[in-house]
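Worksheet: one structure, shown below.
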Ligand code: A2P
(Lines give C-alpha, C1' and ligand atoms only; values in the text may rest on other atoms or scores of the structure.)
Protein backbone atom coordinates (compact mmCIF):
# COMPACT_ATOMS: atom_id res chain seq x y z
CA UNK A 1 0.00 0.00 0.00
CA UNK A 2 1.16 3.52 -0.82
CA UNK A 3 0.01 6.53 1.15
CA UNK A 4 -1.13 10.06 0.42
CA UNK A 5 0.46 12.14 3.18
CA UNK A 6 -0.44 15.73 4.10
CA UNK A 7 1.88 17.92 6.17
CA UNK A 8 -0.14 20.61 7.95
CA UNK A 9 2.05 23.59 8.91
CA UNK A 10 4.64 22.62 6.27
CA UNK A 11 6.26 26.08 6.23
CA UNK A 12 6.94 26.18 10.00
CA UNK A 13 10.04 25.33 12.04
CA UNK A 14 8.77 21.80 12.76
CA UNK A 15 6.95 21.51 9.39
CA UNK A 16 10.21 21.90 7.44
CA UNK A 17 11.68 19.03 9.43
CA UNK A 18 8.55 16.91 8.97
CA UNK A 19 9.25 17.17 5.24
CA UNK A 20 12.88 16.05 5.55
CA UNK A 21 12.06 13.28 8.05
CA UNK A 22 9.30 11.97 5.79
CA UNK A 23 11.75 11.95 2.86
CA UNK A 24 13.95 9.54 4.83
CA UNK A 25 11.13 7.52 6.45
CA UNK A 26 10.24 3.90 5.94
CA UNK A 27 6.85 4.89 4.51
CA UNK A 28 5.78 4.27 0.89
CA UNK A 29 4.56 7.72 -0.19
CA UNK A 30 2.29 8.03 -3.24
CA UNK A 31 1.75 11.78 -2.94
CA UNK A 32 2.58 14.59 -0.54
CA UNK A 33 0.36 17.60 0.12
CA UNK A 34 1.95 20.59 1.82
CA UNK A 35 -0.57 22.70 3.73
CA UNK A 36 -0.19 25.99 5.59
CA UNK A 37 -2.07 29.26 6.07
CA UNK A 38 -3.44 31.39 3.26
CA UNK A 39 -0.28 33.54 3.52
CA UNK A 40 1.87 30.69 2.19
CA UNK A 41 -0.47 29.41 -0.54
CA UNK A 42 1.43 29.26 -3.84
CA UNK A 43 4.86 29.08 -2.18
CA UNK A 44 7.02 26.26 -3.59
CA UNK A 45 8.83 23.68 -1.42
CA UNK A 46 10.74 20.50 -2.32
CA UNK A 47 9.98 16.87 -1.48
CA UNK A 48 12.58 14.36 -2.69
CA UNK A 49 13.79 16.84 -5.29
CA UNK A 50 10.30 17.48 -6.67
CA UNK A 51 8.72 20.91 -6.40
CA UNK A 52 5.41 21.00 -4.51
CA UNK A 53 3.14 24.03 -4.25
CA UNK A 54 1.92 24.86 -0.76
CA UNK A 55 -1.88 25.00 -0.48
CA UNK A 56 -4.08 26.77 2.03
CA UNK A 57 -5.38 24.22 4.55
CA UNK A 58 -9.17 23.80 4.44
CA UNK A 59 -11.38 20.85 5.42
CA UNK A 60 -11.52 19.82 1.75
CA UNK A 61 -7.71 19.62 1.61
CA UNK A 62 -7.96 16.24 3.38
CA UNK A 63 -10.15 14.49 0.83
CA UNK A 64 -8.20 11.44 -0.39
CA UNK A 65 -5.48 11.87 2.28
CA UNK A 66 -4.45 8.75 4.27
CA UNK A 67 -2.10 10.27 6.81
CA UNK A 68 -1.76 13.80 8.25
CA UNK A 69 1.36 15.01 10.06
CA UNK A 70 0.38 18.24 11.74
CA UNK A 71 2.24 21.10 13.43
CA UNK A 72 0.31 24.31 12.77
CA UNK A 73 -0.66 25.26 16.33
CA UNK A 74 -3.35 24.00 18.68
CA UNK A 75 -6.22 26.09 17.33
CA UNK A 76 -5.61 24.90 13.75
CA UNK A 77 -5.45 21.26 14.88
CA UNK A 78 -8.61 21.71 16.94
CA UNK A 79 -10.45 22.98 13.87
CA UNK A 80 -9.02 20.89 11.04
CA UNK A 81 -8.06 17.46 12.40
CA UNK A 82 -11.63 16.34 13.15
CA UNK A 83 -12.41 17.32 9.53
CA UNK A 84 -9.48 15.22 8.32
CA UNK A 85 -10.60 12.22 10.39
CA UNK A 86 -14.16 12.61 9.03
CA UNK A 87 -12.64 12.23 5.57
CA UNK A 88 -10.80 9.03 6.56
CA UNK A 89 -7.35 10.40 7.35
CA UNK A 90 -5.31 9.29 10.38
CA UNK A 91 -3.63 12.29 12.04
CA UNK A 92 -0.43 12.48 14.05
CA UNK A 93 -0.60 15.81 15.87
CA UNK A 94 2.30 17.77 17.31
CA UNK A 95 0.19 20.29 19.21
CA UNK A 96 -1.27 20.00 22.69
CA UNK A 97 -4.87 20.17 21.37
CA UNK A 98 -5.79 16.50 21.95
CA UNK A 99 -2.95 15.11 24.08
CA UNK A 100 -4.91 14.57 27.27
CA UNK A 101 -8.10 13.26 25.60
CA UNK A 102 -8.92 9.76 26.89
CA UNK A 103 -9.36 8.32 23.41
CA UNK A 104 -6.13 9.83 22.03
CA UNK A 105 -2.94 7.80 22.47
CA UNK A 106 0.07 9.91 23.52
CA UNK A 107 3.00 8.11 22.00
CA UNK A 108 6.78 7.89 22.16
CA UNK A 109 7.88 5.05 19.85
CA UNK A 110 10.00 2.59 21.79
CA UNK A 111 8.19 3.51 25.00
CA UNK A 112 4.47 2.93 24.45
CA UNK A 113 3.79 2.44 20.73
CA UNK A 114 1.74 -0.68 21.54
CA UNK A 115 -1.03 1.77 22.48
CA UNK A 116 -1.37 2.88 18.85
CA UNK A 117 -3.60 -0.15 18.28
CA UNK A 118 -6.43 1.66 20.12
CA UNK A 119 -6.39 4.92 18.14
CA UNK A 120 -9.59 6.58 16.89
CA UNK A 121 -8.04 8.65 14.12
CA UNK A 122 -5.95 11.12 16.11
CA UNK A 123 -2.62 10.27 17.74
CA UNK A 124 -0.79 12.88 19.80
CA UNK A 125 2.91 13.60 19.85
CA UNK A 126 3.92 14.62 23.39
CA UNK A 127 5.43 18.01 24.24
CA UNK A 128 9.10 18.31 23.16
CA UNK A 129 10.38 18.56 26.74
CA UNK A 130 8.29 15.58 27.84
CA UNK A 131 9.61 13.39 25.01
CA UNK A 132 13.32 13.73 25.75
CA UNK A 133 12.82 13.41 29.51
CA UNK A 134 10.60 10.33 29.30
CA UNK A 135 12.80 8.76 26.61
CA UNK A 136 15.79 9.02 28.98
CA UNK A 137 13.87 7.94 32.10
CA UNK A 138 11.86 5.07 30.62
CA UNK A 139 14.53 2.33 30.71
CA UNK A 140 15.42 3.43 34.27
CA UNK A 141 11.72 3.28 35.20
CA UNK A 142 11.46 -0.23 33.73
CA UNK A 143 14.48 -1.52 35.66
CA UNK A 144 14.25 0.31 38.99
CA UNK A 145 10.79 1.93 39.17
CA UNK A 146 10.34 5.65 39.80
CA UNK A 147 8.59 7.42 42.67
CA UNK A 148 9.46 11.06 41.93
CA UNK A 149 10.71 13.35 39.16
CA UNK A 150 11.76 17.00 39.61
CA UNK A 151 12.74 18.60 36.31
CA UNK A 152 14.02 22.04 35.32
CA UNK A 153 14.19 22.81 31.62
CA UNK A 154 16.42 25.08 29.53
CA UNK A 155 14.35 25.34 26.35
CA UNK A 156 15.52 26.64 22.98
CA UNK A 157 13.63 29.43 21.23
CA UNK A 158 12.85 27.35 18.12
CA UNK A 159 10.27 25.52 20.24
CA UNK A 160 8.25 28.74 20.24
CA UNK A 161 8.02 28.70 16.42
CA UNK A 162 9.78 30.35 13.53
CA UNK A 163 8.53 33.89 14.20
CA UNK A 164 9.74 33.81 17.84
CA UNK A 165 13.09 32.38 16.70
CA UNK A 166 13.53 35.24 14.20
CA UNK A 167 12.50 37.71 16.89
CA UNK A 168 15.26 36.53 19.24
CA UNK A 169 17.93 36.73 16.52
CA UNK A 170 16.86 40.29 15.77
CA UNK A 171 16.99 41.15 19.49
CA UNK A 172 20.54 39.80 19.69
CA UNK A 173 21.58 41.84 16.68
CA UNK A 174 19.96 44.99 18.08
CA UNK A 175 21.59 44.55 21.49
CA UNK A 176 25.03 44.04 19.93
CA UNK A 177 24.46 47.20 17.89
CA UNK A 178 23.64 49.12 21.06
CA UNK A 179 19.95 49.41 20.18
CA UNK A 180 16.81 48.65 22.21
CA UNK A 181 15.57 45.11 21.56
CA UNK A 182 11.92 44.79 20.50
CA UNK A 183 9.62 42.01 21.78
CA UNK A 184 6.22 41.25 20.28
CA UNK A 185 5.96 37.46 20.72
CA UNK A 186 8.22 36.09 23.46
CA UNK A 187 7.70 34.62 25.97
CA UNK A 188 4.44 33.66 24.26
CA UNK A 189 2.15 35.32 21.74
CA UNK A 190 -0.77 34.10 23.86
CA UNK A 191 -0.02 36.43 26.81
CA UNK A 192 -0.12 40.24 27.16
CA UNK A 193 3.41 41.26 28.11
CA UNK A 194 6.48 40.60 26.00
CA UNK A 195 10.16 40.57 26.94
CA UNK A 196 13.43 40.15 25.06
CA UNK A 197 14.98 36.67 25.26
CA UNK A 198 18.38 37.51 23.78
CA UNK A 199 21.00 37.54 26.59
CA UNK A 200 18.14 36.85 29.00
CA UNK A 201 16.18 34.01 30.64
CA UNK A 202 12.38 33.83 30.66
CA UNK A 203 10.79 31.56 33.29
CA UNK A 204 7.52 31.48 31.35
CA UNK A 205 6.71 29.05 28.55
CA UNK A 206 3.07 29.16 27.45
CA UNK A 207 0.42 30.88 29.62
CA UNK A 208 -0.02 30.69 33.40
CA UNK A 209 -2.47 28.35 35.12
CA UNK A 210 -4.37 29.46 38.24
CA UNK A 211 -1.98 27.54 40.51
CA UNK A 212 1.08 29.55 39.42
CA UNK A 213 2.49 26.86 37.13
CA UNK A 214 2.80 27.61 33.42
CA UNK A 215 0.88 25.47 30.97
CA UNK A 216 4.22 24.04 29.70
CA UNK A 217 4.98 22.85 33.24
CA UNK A 218 1.45 21.40 33.51
CA UNK A 219 2.01 19.53 30.23
CA UNK A 220 5.28 17.98 31.44
CA UNK A 221 3.64 16.79 34.66
CA UNK A 222 0.46 15.33 33.18
CA UNK A 223 1.84 14.00 29.91
CA UNK A 224 4.61 12.15 31.79
CA UNK A 225 2.00 10.46 34.02
CA UNK A 226 -0.17 9.55 31.03
CA UNK A 227 2.74 8.02 29.12
CA UNK A 228 4.24 6.08 32.05
CA UNK A 229 0.99 4.90 33.64
CA UNK A 230 -1.70 5.20 30.97
CA UNK A 231 -5.02 4.36 32.64
CA UNK A 232 -3.44 2.90 35.74
CA UNK A 233 -2.91 4.69 39.01
CA UNK A 234 -0.56 7.56 38.22
CA UNK A 235 -0.50 8.71 41.86
CA UNK A 236 2.35 6.19 42.18
CA UNK A 237 4.63 8.88 40.82
CA UNK A 238 5.15 12.51 41.83
CA UNK A 239 6.21 14.86 39.05
CA UNK A 240 6.95 18.57 39.19
CA UNK A 241 8.56 20.94 36.68
CA UNK A 242 10.01 24.41 36.13
CA UNK A 243 10.29 25.43 32.48
CA UNK A 244 12.64 28.20 31.35
CA UNK A 245 13.21 29.63 27.87
CA UNK A 246 16.90 30.23 27.18
CA UNK A 247 18.56 32.10 24.30
CA UNK A 248 19.60 28.91 22.48
CA UNK A 249 18.41 28.32 18.89
CA UNK A 250 17.97 24.54 18.81
CA UNK A 251 18.19 21.91 21.55
CA UNK A 252 16.46 21.73 24.90
CA UNK A 253 18.47 20.94 28.05
CA UNK A 254 16.93 19.48 31.20
CA UNK A 255 18.20 18.80 34.68
CA UNK A 256 16.23 15.76 35.76
CA UNK A 257 16.26 14.80 39.45
CA UNK A 258 14.60 11.44 40.00
CA UNK A 259 14.00 8.97 42.81
CA UNK A 260 13.93 5.24 42.06
CA UNK A 261 11.98 2.63 44.00
CA UNK A 262 14.65 -0.07 43.90
CA UNK A 263 17.65 1.18 45.85
CA UNK A 264 19.92 -1.32 44.10
CA UNK A 265 20.26 1.38 41.44
CA UNK A 266 23.69 2.96 41.03
CA UNK A 267 25.28 5.56 38.74
CA UNK A 268 27.13 2.76 36.91
CA UNK A 269 23.96 0.70 36.40
CA UNK A 270 22.05 3.74 35.12
CA UNK A 271 24.89 4.63 32.74
CA UNK A 272 24.87 1.07 31.44
CA UNK A 273 21.10 1.11 30.87
CA UNK A 274 21.39 4.38 28.91
CA UNK A 275 24.17 2.89 26.76
CA UNK A 276 22.07 -0.18 26.00
CA UNK A 277 18.92 1.69 24.98
CA UNK A 278 18.34 2.46 21.30
CA UNK A 279 17.94 6.18 20.66
CA UNK A 280 19.85 7.22 23.80
CA UNK A 281 23.50 8.29 23.76
CA UNK A 282 25.55 8.45 26.96
CA UNK A 283 27.95 11.41 27.06
CA UNK A 284 29.13 11.21 30.65
CA UNK A 285 32.80 11.49 31.49
CA UNK A 286 33.86 14.32 33.81
CA UNK A 287 37.55 13.39 33.35
CA UNK A 288 37.18 14.30 29.68
CA UNK A 289 34.68 17.16 30.23
CA UNK A 290 32.19 15.09 28.23
CA UNK A 291 28.55 16.10 28.63
CA UNK A 292 25.62 16.80 26.26
CA UNK A 293 25.29 20.25 24.71
CA UNK A 294 22.58 21.77 22.48
CA UNK A 295 25.04 22.83 19.76
CA UNK A 296 26.15 19.21 19.40
CA UNK A 297 22.65 17.70 19.66
CA UNK A 298 21.13 19.98 17.00
CA UNK A 299 20.39 18.08 13.80
CA UNK A 300 20.44 14.67 15.56
CA UNK A 301 17.55 12.32 16.31
CA UNK A 302 19.03 10.85 19.51
CA UNK A 303 18.57 11.93 23.14
CA UNK A 304 21.88 12.69 24.87
CA UNK A 305 22.39 11.95 28.58
CA UNK A 306 25.19 12.90 30.94
CA UNK A 307 26.17 14.29 34.36
CA UNK A 308 24.57 11.28 36.05
CA UNK A 309 25.18 11.64 39.80
CA UNK A 310 23.76 10.18 42.98
CA UNK A 311 22.27 12.56 45.53
CA UNK A 312 24.60 11.54 48.34
CA UNK A 313 22.15 12.70 51.00
CA UNK A 314 19.03 11.02 49.65
CA UNK A 315 19.15 7.26 48.98
CA UNK A 316 17.75 6.25 45.60
CA UNK A 317 17.86 9.81 44.22
CA UNK A 318 19.90 10.81 41.16
CA UNK A 319 20.54 13.78 38.88
CA UNK A 320 21.03 13.70 35.14
CA UNK A 321 21.35 16.22 32.30
CA UNK A 322 19.38 15.46 29.14
CA UNK A 323 19.71 17.27 25.80
CA UNK A 324 17.92 16.70 22.48
CA UNK A 325 17.04 18.56 19.29
CA UNK A 326 13.55 19.84 20.14
CA UNK A 327 12.53 20.12 16.49
CA UNK A 328 13.63 16.56 15.64
CA UNK A 329 13.62 14.29 18.73
CA UNK A 330 10.99 16.47 20.42
CA UNK A 331 8.78 16.89 17.36
CA UNK A 332 9.33 15.89 13.71
CA UNK A 333 11.30 12.66 14.26
CA UNK A 334 8.88 11.44 16.92
CA UNK A 335 5.91 12.24 14.68
CA UNK A 336 7.36 10.46 11.68
CA UNK A 337 8.40 7.49 13.86
CA UNK A 338 4.77 7.26 15.04
CA UNK A 339 3.68 7.28 11.38
CA UNK A 340 6.19 4.50 10.63
CA UNK A 341 4.71 2.42 13.48
CA UNK A 342 1.21 3.00 12.08
CA UNK A 343 2.33 1.83 8.64
CA UNK A 344 4.26 -1.14 10.10
CA UNK A 345 1.20 -2.30 12.10
CA UNK A 346 -1.29 -1.60 9.30
CA UNK A 347 -3.08 1.00 11.44
CA UNK A 348 -3.46 3.76 8.83
CA UNK A 349 -7.26 3.53 8.91
CA UNK A 350 -9.95 5.29 10.90
CA UNK A 351 -11.97 2.73 12.90
CA UNK A 352 -15.74 2.84 12.27
CA UNK A 353 -17.18 3.22 15.77
P1 LIG B 1 2.32 30.02 7.52
O2 LIG B 1 3.79 29.89 7.27
O3 LIG B 1 1.53 30.15 6.26
O4 LIG B 1 1.96 31.03 8.57
P5 LIG B 1 5.74 27.71 13.48
O6 LIG B 1 5.48 26.59 14.46
O7 LIG B 1 7.16 27.75 13.03
O8 LIG B 1 5.25 29.03 14.01
O9 LIG B 1 4.87 27.39 12.18
C10 LIG B 1 3.48 27.33 12.21
C11 LIG B 1 2.96 26.66 10.95
O12 LIG B 1 1.54 26.64 11.01
C13 LIG B 1 3.32 27.38 9.66
O14 LIG B 1 3.48 26.44 8.63
C15 LIG B 1 2.06 28.23 9.43
O16 LIG B 1 1.85 28.58 8.09
C17 LIG B 1 1.00 27.25 9.86
N18 LIG B 1 -0.27 27.92 10.14
C19 LIG B 1 -0.49 28.99 10.93
N20 LIG B 1 -1.79 29.35 10.93
C21 LIG B 1 -2.42 28.47 10.10
C22 LIG B 1 -3.78 28.30 9.67
N23 LIG B 1 -4.75 29.10 10.11
N24 LIG B 1 -4.04 27.29 8.81
C25 LIG B 1 -3.06 26.48 8.38
N26 LIG B 1 -1.76 26.58 8.75
C27 LIG B 1 -1.44 27.57 9.60
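The values are calculated or read from the model by the stated rules, or taken from the named source; none is laboratory data. This structure is a prediction, so every number in the text was calculated from the model and none was measured. Note: ideal-geometry Cβ built from the backbone for every residue, glycine included; neighbour counts use all protein chains shown.
The table below gives the values:
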item: Check on residue 52, crowded, with 21+ Cβ neighbours inside 10 Å, more than 8 Å from the ligand (Cβ to nearest atom) and in a strand (DSSP E or B); result: no
item: Flag for residue 184 being more than 30 Å from residue 88 (Cβ to Cβ) and within 16 Å of the ligand (Cβ to nearest atom); result: yes
item: Qualifying position, being out of contact with any strand residue (DSSP E or B) (no Cβ under 9 Å at 6 or more places or on another chain) and in the same structural domain as residue 206 (by TED's automatic domain parsing), among 142, 155; result: 142
item: Any hit, region 134-144, residues being loosely packed, with under 15 Cβ neighbours inside 10 Å and under 30 Å from residue 277 (Cα atoms); result: yes
item: Scope region 103-123; condition in contact (Cβ under 8 Å) with a residue 24 or more places away in the chain and within 17 Å of residue 351 (Cβ to Cβ); matching residues; result: 107, 115, 116, 117, 119, 120, 121, 122, 123
item: Pair list, Cβ under 8 Å, 6 or more apart: region 309-336 residue on the phi > 0 side of the Ramachandran plot and touching a residue at least 40 places away in the same chain (Cβ under 8 Å), other residue surrounded by fewer than 24 Cβ atoms within 10 Å (Cβ to Cβ) and in a loop (DSSP other than H, G, I, E, B); result: 316/261; 316/262; 316/263; 316/265
item: Members of region 55-93 that are assigned to a loop (DSSP other than H, G, I, E, B), touching a strand residue (DSSP E or B) at 6+ places or on another chain (Cβ under 6 Å) and either within 12 Å of the ligand (Cβ to nearest atom) or assigned by TED's automatic domain parsing to the domain that holds residue 190 (or both); result: 57, 72
item: All positions within region 27-49 that are away from the ligand (no atom under 12 Å from the Cβ) and either outside the structural domain of residue 120 (by TED's automatic domain parsing) or farther than 30 Å from residue 346 by Cβ (or both); result: 44
item: So residue 241, is it exposed (fewer than 14 other Cβ atoms within 10 Å of the Cβ) and under 24 Å from the mean Cα position of the chain (by Cα); result: no
item: Tally, over region 1-26, of residues that are farther than 24 Å from residue 250 by Cα and either within 12 Å of the ligand (Cβ to nearest atom) or surrounded by fewer than 21 Cβ atoms within 10 Å (Cβ to Cβ) (or both); result: 6
item: Which listed residue, of 236, 232, is surrounded by fewer than 14 Cβ atoms within 10 Å (Cβ to Cβ) and touching a strand residue (DSSP E or B) at 6+ places or on another chain (Cβ under 9 Å); result: 236
